[in-house]
1. So Ile459 clears everything in (1) over 21 Å from Thr498 (Cα atoms); (2) touching a residue at least 24 places away in the same chain (Cβ under 8 Å); (3) in a loop (DSSP other than H, G, I, E, B); (4) assigned by TED's automatic domain parsing to the domain that holds Asp488 except one condition, right? Which one?
2. What pairs can you find where one residue is in the range 207-222 and at positive phi, the other is buried (at least 16 other Cβ atoms within 10 Å of the Cβ) and of a type outside the set (A, V, I, L, M), and their Cβ atoms are less than 9 Å apart, with a gap of 6+ or different chains?
3. Residues that are on the phi > 0 side of the Ramachandran plot, under 26 Å from the mean Cα position of the chain (by Cα), of a type in the set (Phe, Trp, Tyr) and surrounded by 18 or more Cβ atoms within 10 Å (Cβ to Cβ): does the range 511-531 have at least one?
4. Considering the range 1-30 alone, what residues qualify as being modelled with pLDDT of 90 or more, in contact with a helix residue (DSSP H, G or I) (Cβ under 7 Å, 6 or more places away or on another chain) and buried (at least 17 other Cβ atoms within 10 Å of the Cβ)?
5. Restricting to the range 360-409, count the residues that are in a loop (DSSP other than H, G, I, E, B) and closer than 15 Å to Val448 by Cα.
6. Answer yes if at least one residue in the range 480-500 is assigned to a loop (DSSP other than H, G, I, E, B), under 20 Å from Pro397 (Cα atoms) and either in contact with a His (Cβ under 7 Å, 6 or more places away or on another chain) or of a type outside the set (D, E, K, R) (or both), and no otherwise.
7. Can you tell me which of Glu248, Glu236, Glu268, Glu258 is at negative phi, touching a residue at least 60 places away in the same chain (Cβ under 8 Å) and of a type outside the set (Val, Ile, Thr)?
8. Among the candidates Glu236, Glu226, Glu208, single out the residue that is modelled with pLDDT under 95, under 24 Å from Trp106 (Cα atoms), in the same structural domain as Val15 (by TED's automatic domain parsing) and under 30 Å from the mean Cα position of the chain (by Cα).
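The values are calculated or read from the model by the stated rules, or taken from the named source; none is laboratory data. Owing to the predicted nature of the structure, the values given are computational and were not obtained by experimental measurement. Neighbour counts run over all protein chains shown; Cβ positions are idealised from the backbone, glycine included.
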Amino acid sequence: MKIDNKIIGNNHIFVIAEIGNNHNGDVNAAIELIDIAKDAGVDCVKFQMRNMQEVYTNRSLKKDGQDLGTEYILDLLERFELSNSQHKKIVQYCQSKDITYLCTPWDIKSVDILESLNLPAFKVASADLTNIPLLDRLLLTKKPLIISTGMSTENEIIMTTNHLKSSNSEFALLHCNSTYPAPFHDINLNWLSRLKIIHPMVGYSGHERGTSVSLAAVALGAKIIERHITLDRRMEGPDHAASLEKKELTHLLEGIRELEAALGTTNERHLSQGEMINRENLSKSIVANCHLNEGTIIKKEHLKIRSPGQGLSAQYYHQLLGKKINRDIKEEDFFYKSDINGVTFKPKAYSFNRPWGIPVRFHDFEYYNSIIKPDIFEFHLSYTDMNLNINDFFKGPYPNQFVVHAPELFSKGRLMDLASLDEKYRVYSIEETQRVIDLTKKMKKFFVNCEKPMIVANIGGFTMDEILSQKDKNKCYKMFSKSLIELDLDGVELIPQTMAPFPWHFGGQRFQNLFVYAEESKYWCKKLNLRLCFDISHSKLMCNYFKKRFF
């Protein structure tokens, strides 16, 4: 279902802030409520329009004392109803704020007026689910309909649904309890599943106190959420008590968008990036319990189960038993699926039309150097590598170029942050980065053709809960500039890398702020006289997230 270029479905919950008559007849109050709704992040605001002579009997309009309840409602409506020109003014204001305006017409003449305002869809009140003449007029507009089902029996809902389907109309049904406020024990939220059988596009129009039930409706499959909003729940009028104030509305939207991201799909389960990281770090692999020569038949005593999960899963334990291995395996080396199916993979002579290289660690550098000959080795350091004696790993001299990738995590889980606004933390990062620089200088004597090795670094600027403002980002860039001056970079070149909006640290649940945006990165590299490491993967992720063209 599409309303105002917004697709309502699995990936987006359409949120309606029902202003209704909660402006109490004051256009300025209506505008204030629109601003609150826009700031909270709702998709649209909704109003109501009535031609009183078309909605009520003449006897009711005379207020002759026959029905006290109707008299009370009529008194409020006559004082609070907006004029047609006021609705037009509100439509224009919504357009200026880029927020969708919807309205509930309570009669056919109101539909005619609203059609002149070019609404993208219509909302039908619970009271008019059974009003076939009104629905027929709305069907002529060929616009999507959102229909509340409060006050109606299941049979009435089915009858109206069949009528709408026979006209090939596009519509949604909102589960609703039309009491203001609705008692929790009367809401019967589980009925959403039954409503989905009647018609698959469903939502929830809530009149209860608080936000919990509305959030639960999203979890149960509601694709549209409608809630009344007010400037003050104590104001005069029937709907205020069942409405959300600014703080609650913001809380609701935050929860809906979180649920929207968390609900996912019913497709085959796939591991998230964070799970893949933790799977490697925490899960178990089958490793050799002792040195095994090629041709050995695997027995239980040859195997043990250990972390990390970088090799063959322990789930394949019984399949591995009895297999003849076609390679020598050192103690605590990993087994792989190739040890079960007999397939072997061996390096070959690689050749590319530009300089190329591979990432290595100190402990596996000599192995890779003996079997392939890349132009460049990138030493991706961990904080524990900083304490190793490099003479134990290098023989040299080597003709290759080398690059060092600075650790992103130092001891005790502390992230490198040369741009930190916390001076103590920034000084700590400088000290640790200087250790990386000094280690890189020591490595130069083994790589005789590398005059000024590059150190690729993620220079910091993380936040835990939200993206930094531009003002605070500029402060961080300036702190990074200060750190550059305080580092002894003689003989090496520090190169920041382009970053993704959500780095891998802690499963991608941090925000990255610096060297993410292209123009901003370009500006600061020029200002600080730096070259930039273009991380293609990171920058593609940035483009995906911000919907920018990668090329």
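1. Going through (1) over 21 Å from Thr498 (Cα atoms); (2) touching a residue at least 24 places away in the same chain (Cβ under 8 Å); (3) in a loop (DSSP other than H, G, I, E, B); (4) assigned by TED's automatic domain parsing to the domain that holds Asp488 one by one, Ile459 breaks only (1).
2. If the second residue must be buried (at least 16 other Cβ atoms within 10 Å of the Cβ) and of a type outside the set (A, V, I, L, M), the pairs left are Gly210/Glu248; Gly221/Lys196.
3. Yes, the range 511-531 contains a residue that is on the phi > 0 side of the Ramachandran plot, under 26 Å from the mean Cα position of the chain (by Cα), of a type in the set (Phe, Trp, Tyr) and surrounded by 18 or more Cβ atoms within 10 Å (Cβ to Cβ).
4. Once the filter is applied, which keeps residues that are modelled with pLDDT of 90 or more, in contact with a helix residue (DSSP H, G or I) (Cβ under 7 Å, 6 or more places away or on another chain) and buried (at least 17 other Cβ atoms within 10 Å of the Cβ), the range 1-30 yields Ile13, Val15, Ala17, Ile19, His23, Ala30.
5. Here the count works out to 7.
6. There is at least one residue in the range 480-500 that is assigned to a loop (DSSP other than H, G, I, E, B), under 20 Å from Pro397 (Cα atoms) and either in contact with a His (Cβ under 7 Å, 6 or more places away or on another chain) or of a type outside the set (D, E, K, R) (or both).
7. Glu236
8. Going through Glu236, Glu226, Glu208 in turn, the sole match is Glu208.
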